[in-house]
Amino acid sequence: MNEKFIRDRISELRIQKNISERSMSIDLGHSPSYIHSIVSGKALPSMTEFLYICDYFNISPKEFFDEGTSNPAIIKEVIDDLSTLDEKQITNIHQIIKGLKR
């Protein structure tokens, strides 16, 4: 994992959220070109800013770096929702997922 991964991951998550670099920069309280400077390789976020970016996407740093998950925000939401269900409901959903994977 390297700086390119961080830049690409920010772009991937931003595109999934359907938000422009400019809007994201402003939402994070920075100049309109802040995210562009990160994804273009001109800068890297500080650790504090990285944590704000994770919060912005509603994911943890672990989820950010999970290369096997292409849409960590949705996976997190599904897991959060599953945790509110009883065992029978979770079993039913698991069977549905197994059926979809065939």
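Bear in mind that the values in this text are calculations on the coordinates, not laboratory data. Fair warning: this is a prediction, and the values are worked out from it, not measured in the lab. Don't worry about glycine lacking a Cβ; one is built from the backbone with ideal geometry, like all the others, and counts go over all protein chains shown.
Order these by the 10 Å Cβ neighbour count, fewest first: H94, H30.
H94, H30
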Subject >> Acute angle (nearest 10 degrees) that the helix 47-57 long axis makes with the longest principal axis of the chain, alpha-carbon atoms >> reply: 50 degrees
Original post:
Based on Cβ point charges of +1 for Lys and Arg and -1 for Asp and Glu, what charge dipole magnitude is obtained for the chain about its Cα centre, in debye rounded to the nearest 20?
Top reply: 380 debye
Subject >> Rg over Rh, two decimals, segment 3-101 (C-alpha only, Kirkwood Rh) >> reply: 1.09
Original post:
Count the lysine pairs in the chain that are 8 or more places apart or on different chains: how many have C-alpha atoms under 18 angstrom apart?
Top reply: 5
Original post:
Which value, in Å to one decimal place, does the Kirkwood hydrodynamic radius take for segment 31-89 when every pair of different Cα atoms is included?
Top reply: 13.4 Å
Original post:
What is the distance in Å between the Cα centres of segment 1-27 and segment 60-85?
Top reply: 17 Å
Original post:
Any idea how far apart K17 and N58 come out in nm if each label point goes 7 Å out from Cα toward Cβ?
Top reply: 1.1 nm
Subject >> D27/H94 FRET efficiency (R0 35 Å; Cβ-Cβ; nearest 0.05) >> reply: 0.45
Subject >> J(HN,Hα) series, segment 80-93, from Karplus relation 6.51 cos²θ - 1.76 cosθ + 1.60, nearest Hz, glycine and proline x >> reply: 4, 5, 4, 5, 8, 9, 7, 4, 5, 5, 5, 4, 4, 5
